[in-house]
1. Out of the helices (runs of 4 or more DSSP H) lying entirely within the range 90-165, which hold 2 or more residues that are modelled with pLDDT under 95 and over 17 Å from the mean Cα position of the chain (by Cα)?
2. Taking the range 108-120 as the region of interest, how many residues are of a type in the set (D, E, K, R), over 14 Å from Met133 (Cα atoms) and crowded, with 18+ Cβ neighbours inside 10 Å?
3. Can you find a residue in the range 22-40 that is within 19 Å of the chain's Cα centre (by Cα) and loosely packed, with under 14 Cβ neighbours inside 10 Å?
4. Being in a helix (DSSP H, G or I), of a type in the set (Lys, Arg) and either surrounded by fewer than 23 Cβ atoms within 10 Å (Cβ to Cβ) or in contact (Cβ under 8 Å) with a residue 60 or more places away in the chain (or both) is the filter here; which residues of the range 45-89 pass it?
5. Check Lys207 against each of (1) modelled with pLDDT of 85 or more; (2) of a type outside the set (S, T, N, Q); (3) in contact with a helix residue (DSSP H, G or I) (Cβ under 7 Å, 6 or more places away or on another chain) and name the one condition it does not meet.
6. Please go through the range 93-107 and pick out each residue that is free of Cβ contacts under 8 Å to residues at least 40 places away in the same chain and open to solvent by 50 Å² or more (accessible area, probe 1.4 Å).
7. If you take the residues in the range 225-237 that are closer than 16 Å to Gly200 by Cβ and at pLDDT below 90, which one is most open to solvent (accessible area, probe 1.4 Å)?
8. State which residue is surrounded by the fewest Cβ atoms within 10 Å (Cβ to Cβ) when the search covers only the range 1-20 and only residues that are part of a loop (DSSP other than H, G, I, E, B) and not aliphatic (A, V, I, L, M).
Amino acid sequence: MAGVDQLKKNVDQYYDEMKYDQIAEQLEPYKGGDDIGLLWRLARANYERQKTLGSDAAQLRLLQDTLATVQRALALDATDPNCHKWMAIYLNAITKLQGSKAQIDAATTIREHMLKACEYGPDDATNWHLIAMWEYSVADISWVMRKLATVVYGEPPRATFQQALDNFLKADQLSDGFRQLSAGRGLAWPIKSRNLMMIGKCYQKLKDKENAIKYLKMVRALEAKTADDEESKEEAISMLKQMGITD
């Protein structure tokens, strides 16, 4: 047990250092085992690894291969929030690559796993960020696309920008403005810039320009440590310029 606990600490440190290949190398031999903590950590690393692959086909292959690991973890413990979290993340990523029909077909299942993650892991900011991202995406479907989806696929799910904002703000509060370490594991929350960015976008959708500017400026001021941080920062700068804010 001590050896496994140390292994988890090691791979958590590697994750903080963005050494995803090393994590996969260390955890691959354990993917047929019964330790849920090792299984979802392997899924977490492979999710980051697939982002660097050169084609959609290669990304889909790794995602689908690792989905079996997530399914194994969930079968071992259906009350573990990390299992539900990564099931939702993997289903979302896979169906995005498979097209709009696959996304709509899987939307309810993805939401169910996100809600279970929030139910079993209410103190994890990432869980609330994920359900908020789902709500924002659903709320942002245009009237024309919603009507088309209804005709072709049946009634799509519904959500509002206010619902999304409430959950993005909850994620913000849980991680104390994203300045503190997450989940007591010594890891900085890796999507803080994206969450702040989405708060700004929700306020913009809700016609609250003052708060939109406030949060977009927070993103602009952050140090970009990852590619996701850089993308969020560039988007915030672009949105601020469109709103006439250059200071």
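1. 100-120, 143-153
2. 1
3. No, there is no match, as no residue in the range 22-40 is within 19 Å of the chain's Cα centre (by Cα) and loosely packed, with under 14 Cβ neighbours inside 10 Å.
4. Listed by number, the residues that qualify are Arg49, Arg61, Arg72.
5. (3)
6. Lys96, Gln98, Gln103
7. The selected residue is Asp228.
8. Selected residue: Glu17.
The values are calculated or read from the model by the stated rules, or taken from the named source; none is laboratory data. None of the values given here were measured: they were computed from a predicted structure. For neighbour counting, all protein chains shown are included, and Cβ atoms are generated from backbone atoms with ideal geometry for every residue, glycine included. Ligands, DNA and RNA are excluded from the accessible area calculation, which covers all protein heavy atoms including side chains. Shrake-Rupley method; radii C 1.70, N 1.55, O 1.52, S 1.80 Å.
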